[in-house]
Amino acid sequence: MTIMPVIVMIFVFVPAIVLMVSMPYVTRETISFGVTISAEQFHSEPLRQMRMSYARISATLHTILFIVCIICLMYGDEHFKQQSWIIIIYSLAMIVISLVINISYHFKMKSLLPMLPIAPEPSIMAVDTGFRKRNIGLSSYWFLIHVLIIVVSIVTVLRHYDLIPDQIPIHFNSSWDVDRYAAKSYSFVFMPAIIQVFITLLFIFENWSIRRVKQQVQPTDPNRSIRQDVTFRRAWSYFMITASFLLVILFSVVQLSMISLLNTNFAIPVILIIIAFIILYAFALSFWAGQSESRLERSAESANVRPVHDDDKWRLGMIYFNRKDPNLIVEKRFGVGWGLNFGHPVVWLICVGIIVLLVVVR
């Protein structure tokens, strides 16, 4: 019976499942399943029933899939490749189920919209011209700490390279015994450092994007909307700095344990604690703030005014494609956080670059 993969599955996927099931309840009150609506329409009985239906179906399907995966891990072969394939297949199945449910409810929402109370769009658009000057988040200079840790790790490994064993442990079974080794090489030993650099660059870009993603100011109450937006972006900026710092520490621990400079009995608990903390931090932040700032400083009144919408720029309500929009990053309609503008050529260059990097690293 395999215990460790089961523990990892619980820590990693259970929060993700809870967040996916609860997604209709953490979205903006002006977006329902990828369709722009008014706050009054959001609280109408038909949409309340639709959200309950979504949560019930999503919870049932994801729970069944998760239980099947756990059973396969617990009573299957402890071989590393078989466990990996089980988790990969489960992850893909989870994504497919989520997409099918979301797309289905997106079309249900579009068909239901004409039957809801009419909600006119506002005659004015509110914009905060001083938004960029506000204290939105932490400076990217904080990432210099990450660079320092990476440099220290690289120097440490270089100084001890000759003492590294020819066979490096890379996998442990449920009894914490090494069951897989790899031959020593510079490319393998410094792989964690390469990943650290990639993670740091990725989070620098994310932190930079938080400041520059376009505003979502509600003309019915612009001051409250701006306060919400600033608080939301600042909170996620703190998360970006903290999570990336912990991930850099994690891969330094992995690197030092691989080359026997750090005891495995100490390294593995540290790695698991870091992963659990990041996941729980993201989970708590998502429920505290909601999609964008939807759960921050909620209004006591539900206005029957539909925000200026760009539904035609969203494919299936979740993929943003607008060649005329200069923004690389936009607020998600499904999920929490931000997504990419696939109508921007730079986004495609970034995607190609990531694929090339993954091929080279492999």
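To the nearest 0.05, what FRET efficiency results for ILE103 and PHE11 with a Förster distance of 22 Å applied to their C-beta separation?
Between ILE103 and PHE11 the formula returns 0.15.
Any idea of VAL96's accessible area? Nearest 10 Å², probe 1.4 Å.
So the heavy atoms of VAL96 present about 80 Å² to solvent.
Arrange the peptides 247-255, 343-351 so that the one whose residues have, on average, the most other Cβ atoms within 10 Å appears first.
My ranking of the peptides, most packed first, is 247-255, 343-351.
In whole Å, what three semi-axes, largest first, describe the equivalent ellipsoid of region 237-282 built from its Cα gyration tensor (square root of 5 times each eigenvalue)?
Working from the Cα gyration tensor, I get semi-axes of 22, 11, 5 Å.
Please give the contour-minus-distance gain from ARG48 to ARG315: 0.36 nm per residue of separation, less the Cα-Cα distance, rounded to one decimal in nm.
93.7 nm
With label points built 7 Å along Cα→Cβ from the Cα atoms of TRP85 and VAL352, find their separation and express it in nm.
It works out to 3.4 nm between the two label points.
How much FRET efficiency would the formula 1/(1 + (r/R0)^6) give for VAL197 and THR63, where r is the Cβ-Cβ distance and R0 is 35 Å, rounded to 0.05?
Rounded to the nearest 0.05, the efficiency is 0.35.
Taking 0.36 nm per residue of separation and subtracting the Cα-Cα distance, what length does fully extending ALA93 through PHE266 add?
58.9 nm
Quick one: 3J(HN,Hα) in Hz for region 36-50, Karplus 6.51/-1.76/1.60 with θ = phi - 60°, rounded, Gly and Pro as x.
6, 9, 8, 5, 5, 5, 4, 8, 6, 4, x, 6, 5, 5, 5
The values are calculated or read from the model by the stated rules, or taken from the named source; none is laboratory data. Not measured: the values here are computed from a predicted model. For neighbour counting, all protein chains shown are included, and Cβ atoms are generated from backbone atoms with ideal geometry for every residue, glycine included. The area values use the complete protein model at the heavy-atom level, side chains included, leaving out ligands, DNA and RNA. Shrake-Rupley method; radii C 1.70, N 1.55, O 1.52, S 1.80 Å.
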